[in-house]
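The values are calculated or read from the model by the stated rules, or taken from the named source; none is laboratory data. Predicted model, so just to flag it, every value in this text is computed and none were measured. As a convention, Cβ positions derive from the backbone with ideal geometry for all residues, glycine included, and neighbour counts pool all protein chains shown.
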Amino acid sequence: MRIQTFEQYQEAYNQSVEDPEGFWAEIAQQFTWRKPWKKVLNWNFNEGVTKWFEGGELNITENALDRHLAERGEQSAIIWEPNDPDERSVEISYRVLHDRVCRFANVLKKHGVQKGDRVCIYLPMVPELAVAVLACARIGAIHSVVFGGFSAKSIADRINDAQCGMVITSDGAFRGPKVIPMKETVDDALEQCNSVKNVIVMARTRTPVSMLKGRDLWWEEEVKHVDSICPAEPMNAEDPLFILYTSGSTGKPKGVVHTCGGYMVYATYTFTNVFQYEPGEVHFCTADIGWITGHSYIVYGPLCSGATSLIFEGVPTFPDASRYWKIVEKHKVNILYTAPTAIRSLMGYGLHFVKDHDLSSLTKLGSVGEPINQEAWHWFKINIGRNICPLVDTWWQTETGGIMIAPLAGITPEKPSFATLPLPGVQPVLVDENGNVLEGNGVSGNLCIKFPWPGIIRTIYGDQLRNKQTYFSTYEGMYFTGDGCLRDEDGYYRITGRVDDVLNVSGHRIGTAEVENAINMHLGVVESAIVGYPHDIKGQGIYAFIITDQKPEDPEMFRKGIAATVSRIIGPIAKPDKIQFVSGLPKTRSGKIMRRILRKISEGQFDSLGDTSTLLDPAVVEEIKEGAL
Ligand code: 6R9
């Protein structure tokens with residue numbers, strides 16, 4: 001499965017374009033299937049429909065666990081590093097992980113969870129999170145992991161959208177110096193949900209929590225009374241594996257659905273190839289399992305490859321900014337896959353946190369989540385990678401299931417801040433505003449993909465029409481990514497950022513409409529508009545322009561109140577960094593907010609506002625300029 005030279009990459013790429021079905025069938029054969037597929041690919045981009053390996057049957061956990069037992073049963077599948085460096089770290093072998101997953105799968109079954117049922121998982125970064133995910137997959141339940149930083153309201157929306165019957169959570173979470181309530185947040189959420197029959201609570205912080213008789217169950221108790229044998233449920237390749245919510249340009253988050261067969265093949269193939277994974281290597285992906293990066297490159301990709309995957313509970317700056325480097329040294333990490341925002345933040349703390357740590361185990365570095373600027377790229381490569389580790393800048397999305405454009409570590413010649421070349425099976429196209437395909441090199445446009453790959457989004461949960469409209473209707477016959485992109489003279493790709501109303505704050509995708517809706521719920525707010533502005537560490541910060549019903553008496557207090565409302569409605573990650581009170585917003589005569597103008601103002605570029613003559617009230621722009629923060 002692993003490409004070893006640049007020539008092999010080119011050959012594989014050409015084959016994947018000339019004969020995609022043959023190419024992916026050969027790769028898929030290297031997995032464990034209960035039943036072979038009847039048809040490799042069935043697709044219709046006009047309808048937003050894609051099916052891979054139809055008729056095939058498998059269970060992804062047999063590929064992630066069972067098939068490794070004979071050869072590497074005693075090898076660590078997971079290394080867990082707790083938030084507090086003085087707490088003992090834990091290594092879980094493939095055999096023990098298999099046992100724990102089977103037991104927990106039996107707990108789920110005992111409480112009536114069946115194939116196709118939806119289970120919401122709201123847990124901190126503890127091994128039980130991986131166990132819960134895999135236990136769902138074992139019995140064919142569809143997991144919906146909700147990032148631990150989301151609010152009760154966000155959890156409730158996600159539970160209700162998927163009609164989850166079960167929630168798995170913990171009493172609390174340790175995050176840096178803080179103890180964060182989890183069960184309490186779930187309890188608040190459940191006041192708005194009636195599909196949930198049971199809540200399983202894992203004890204992490206030993207914080208006293210309410211436990212309702214007949215509904216709430218302790219994880220530790222439950223696993224004592226079940227068998228450790230749990231046959232894997234045979235799944236059709238196109239049965240859903242999980243739902244993961246992500247923000248789009250309109251208000252409501254989308255439940256992106258991935259299915260069992262294609263996702264498994266794609267997450268594993270990309271893990272092996274991009275990171276050039278060698279048996280025995282320790283892989284440390286710093287993302288949270290609540291995001292797609294954690295799903296694909298902490299859990300499924302590494303485990304299906306028989307790798308050792310490190311799960312870190314804490315944050316990079318606790319107890320101090322050397323934490324990642326201490327972890328690398330302690331666990332002899334080989335592959336470090338992180339985000340530009342983390343790199344920029346650690347850069348800011350200075351090199352004295354890096355020196356005195358033995359980073360010689362590192363063989364490969366990776367970056368994901370947002371464009372990586374040249375300075376961060378070089379800092380990471382030189383100071384962490386000793387200028388010898390390959391650094392892979394990996395572009396992909398929740399909807400793509402796995403990495404799409406990236407170098408193969410040590411094989412593809414790198415170029416700082418370029419995701420470089422598409423992986424085999426990925427056919428990118430750049431199009432202009434009018435949908436014309438831009439041929440040749442040295443062009444910039446909107447990034448589309450013109451042919452399906454096995455990890456592509458299958459649907460938006462409960463809303464296939466929205467799937468079709470969001471991704472397959474902007475440009476006919478193509479998947480539209482929402483990203484802008486440059487293809488340079490060498491044919492290398494550089495992602496320039498979102499071209500829709502989606503912000504990328506510290507690598508988190510945040511929809512402008514979602515944040516505006518939350519702000520507008522605050523007492524005294526009449527209307528709001530948010531835009532992203534360049535932020536040294538977060539990549540983008542959130543700048544909010546807000547109209548209030550009366551001039552705020554204490555603007556600072558008002559700002560804090562708005563931030564509290566946004567935290568409550570969405571979560572702290574969506575809090576605005578800057579809030580400017582305005583008396584009006586720049587609107588066209590048809591009532592559309594001209595964000596282009598607000599963006600320029602937020603960037604301080606007052607001289608390049610462009611044409612403002614079509615505005616309903618051009619004077620408002622002058623006022624906003626004067627009050628800019
Ligand atoms: C995996 C993940 C997807 C959006 C995507 C793009 C941005 C991700 C990037 C990148 C430039 C990279 N993005 N990786 N931009 N270079 N290497 O992050 O998924 O949370 O769905 O975000 O993130 O804008 O469209 P997701």
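Listing for the model above:
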read-out	value
Within the stretch 502-525, tally of residues that are in contact with a Pro (Cβ under 8 Å, 6 or more places away or on another chain) and within 9 Å of the ligand (Cβ to nearest atom)	1
Qualifying strands (runs of 3 or more DSSP E) (wholly inside the stretch 207-259; at least 2 residues being among the β-branched types (V, I, T))	240-246, 254-259
The stretch 235-281 - residue that is within 16 Å of the ligand (Cβ to nearest atom) and among the β-branched types (V, I, T) and, of those, surrounded by the fewest Cβ atoms within 10 Å (Cβ to Cβ)	T250
Hits in the stretch 480-501 (condition: within 12 Å of the ligand (Cβ to nearest atom) and either among the hydroxyl-bearing types (S, T, Y) or modelled with pLDDT under 95 (or both))	T481, Y493, T496, G497, R498, V499, D500
Filter result (within 11 Å of the ligand (Cβ to nearest atom) and over 15 Å from K415 (Cα atoms)) within the stretch 383-398	W396, Q397, T398
Cβ pairs under 9 Å, 6+ apart, first in the stretch 591-602 and assigned by TED's automatic domain parsing to the domain that holds I542, second part of a helix (DSSP H, G or I) and charged (D, E, K, R)	K600/D607; I601/K625
Conditions (1) modelled with pLDDT of 95 or more; (2) under 30 Å from F472 (Cβ atoms): number failed by N434	(1)
Strands (runs of 3 or more DSSP E) wholly inside the stretch 491-595 that include at least 1 residues being touching a Cys at 6+ places or on another chain (Cβ under 6 Å)	493-498
Residue list for the stretch 557-605, filter: surrounded by fewer than 14 Cβ atoms within 10 Å (Cβ to Cβ), hydrophobic (A, V, I, L, M, F, W, C) and over 30 Å from V186 (Cβ atoms)	M557
Given (1) within 16 Å of the ligand (Cβ to nearest atom); (2) outside the structural domain of G571 (by TED's automatic domain parsing); (3) outside any strand (DSSP E or B), index of the condition K468 fails	(1)
Meets criteria (in a helix (DSSP H, G or I), of a type in the set (A, V, I, L, M, F, W, C) and surrounded by fewer than 19 Cβ atoms within 10 Å (Cβ to Cβ)) for A25	yes
Residue under evaluation W219, criteria (1) farther than 29 Å from R323 by Cα; (2) out of contact with any helix residue (DSSP H, G or I) (no Cβ under 7 Å at 6 or more places or on another chain), criterion not met	(2)
All helices (runs of 4 or more DSSP H) inside the stretch 304-382 with 1 or more residues being within 16 Å of the ligand (Cβ to nearest atom) and modelled with pLDDT of 95 or more	340-349, 374-379
Residues of the stretch 1-22 classified as over 29 Å from the mean Cα position of the chain (by Cα), within 29 Å of D239 (Cβ to Cβ) and either among the small types (G, A, S) or not in a helix (DSSP H, G or I) (or both), total	2
Residues of the stretch 139-160 classified as in contact with a Pro (Cβ under 9 Å, 6 or more places away or on another chain), of a type outside the set (G, A, S) and over 16 Å from I569 (Cβ atoms), total	1
V429 more than 15 Å from the ligand (Cβ to nearest atom), more than 18 Å from the chain's Cα centre (by Cα) and closer than 22 Å to Y9 by Cα	yes
Answer residue from the stretch 282-303, given it is part of a helix (DSSP H, G or I) and more than 11 Å from the ligand (Cβ to nearest atom) and is nearest to P82 (Cα to Cα) among those	I298
Residues (aliphatic (A, V, I, L, M) and closer than 20 Å to G366 by Cβ) located in the stretch 415-441	A419, L421, L423, V426
Breaking point among (1) without any contact (Cβ under 8 Å) to a residue 40 or more places away in the chain; (2) in contact with a Pro (Cβ under 9 Å, 6 or more places away or on another chain), for H283	(1)
Output for the stretch 383-421, where each listed residue is in a helix (DSSP H, G or I) and hydroxyl-bearing (S, T, Y)	T398, T400
Every residue from the stretch 379-411 that is of a type in the set (A, V, I, L, M, F, W, C) and within 22 Å of V49 (Cα to Cα)	W396, I403, M404
I530 vs. criteria modelled with pLDDT of 95 or more and either near the ligand (Cβ under 10 Å from one of its atoms) or on the phi > 0 side of the Ramachandran plot (or both)	no
Helices (runs of 4 or more DSSP H) fully within the stretch 110-204 counting 3 or more residues that are among the aliphatic types (A, V, I, L, M) and surrounded by fewer than 24 Cβ atoms within 10 Å (Cβ to Cβ)	152-162
Set V101, V167, V126: member being within 19 Å of the chain's Cα centre (by Cα) and within 20 Å of G294 (Cβ to Cβ)	V126
